[in-house]
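The values are calculated or read from the model by the stated rules, or taken from the named source; none is laboratory data. Keep in mind the model is a prediction, meaning the values are calculated, not measured. Don't worry about glycine lacking a Cβ; one is built from the backbone with ideal geometry, like all the others, and counts go over all protein chains shown. Heavy atoms of the whole protein, side chains included, go into the accessibility calculation; ligands, DNA and RNA do not. Shrake-Rupley method; radii C 1.70, N 1.55, O 1.52, S 1.80 Å.
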Amino acid sequence: QVQLVESGGGSVQPGGSLRLSCEASGYIFSLATMGWYRQAPGKERELVATITSGGTSSYEDSVKGRFTISRDNAEKTVHLQMNMLKSEGAAVYYCRMETLRGRTYWGQGTQVNVSS
């Protein structure tokens with residue numbers, strides 16, 4: 001079965017950087033659309049960034065220019081480089097896979113804290 005394991009969360013001061021990683025197994029990774037979502041306390045889960053099997057990326061407006069999503073098909077891993085983090089970026093970040101047939105899978109999440 002599909003498994004997604006996130007890593008790289010932690011605590012950082014405003015303006016700092018973190019790099020999240022999500023390692024996938026159980027599906028042909030190169031065919032999947034991968035995404036990062038986040039959920040802050042009391043808020044709904046929201047899309048942060050996606051990257052298609054062809055490498056096309058898209059971003060939520062508030063993170064454009066600061067976050068970069070990338071994928072390594074050989075390592076079956078998707079990354080999210082987060083620069084210039086703001087306090088409102090504090091949340092649990094989730095990795096999501098969408099298969100060619102439209103099935104979706106989620107990782108367990110990794111916590112990102114942004115505070116001074």
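In table form, for the structure just shown:
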| quantity | calculated |
| --- | --- |
| Förster-model FRET efficiency, 25 Å R0, SER53 and GLN111, C-beta, rounded to 0.05 | 0.30 |
| Highest-first arrangement of 89-95, 1-7, 108-114, where packing means the average Cβ count within 10 Å | 89-95, 108-114, 1-7 |
| Net charge, ASN83 excluded, C-beta distance under 10 Å - Lys, Arg +1, Asp, Glu -1 | +2 |
| Antiparallel content of DSSP bridges confined to the chain, in %, to 5 | 95 percent |
| Förster radius 41 Å - calculated FRET efficiency between SER87 and SER30, Cβ distance, rounded to 0.05 | 0.70 |
| Relative contact order, percent, the chain [alpha-carbon distance under 8 Å, six or more residues apart] | 36 percent |
| Spin-label pair GLU60/GLU44, simplified geometry with 7 Å Cα→Cβ offset, distance in nm | 1.2 nm |
| q = 0.12, 0.14, 0.16, 0.21 Å⁻¹: log10 I(q)/I(0) that the Debye formula gives for the chain, counting C-alpha atoms only | -0.38, -0.51, -0.67, -1.13 |
| Separation in nanometres of the label points that stand 7 Å from Cα toward Cβ, at ARG101 and ARG19 | 3.5 nm |
| Net dipole in debye of the chain [+1 Lys, Arg Cβ; -1 Asp, Glu Cβ; about Cα centre; nearest 20] | 60 debye |
| DSSP loop trypsin sites (Lys or Arg not before Pro) with at most 12 other Cβ within 10 Å excluded, longest remaining stretch of the chain | 1-42 |
| Per residue solvent-accessible surface (Å²) - region 45-116, probe of 1.4 Å | 54 Å² |
| Computed lengthening from GLN1 to SER70, 0.36 nm per intervening residue step minus Cα-Cα distance | 22.5 nm |
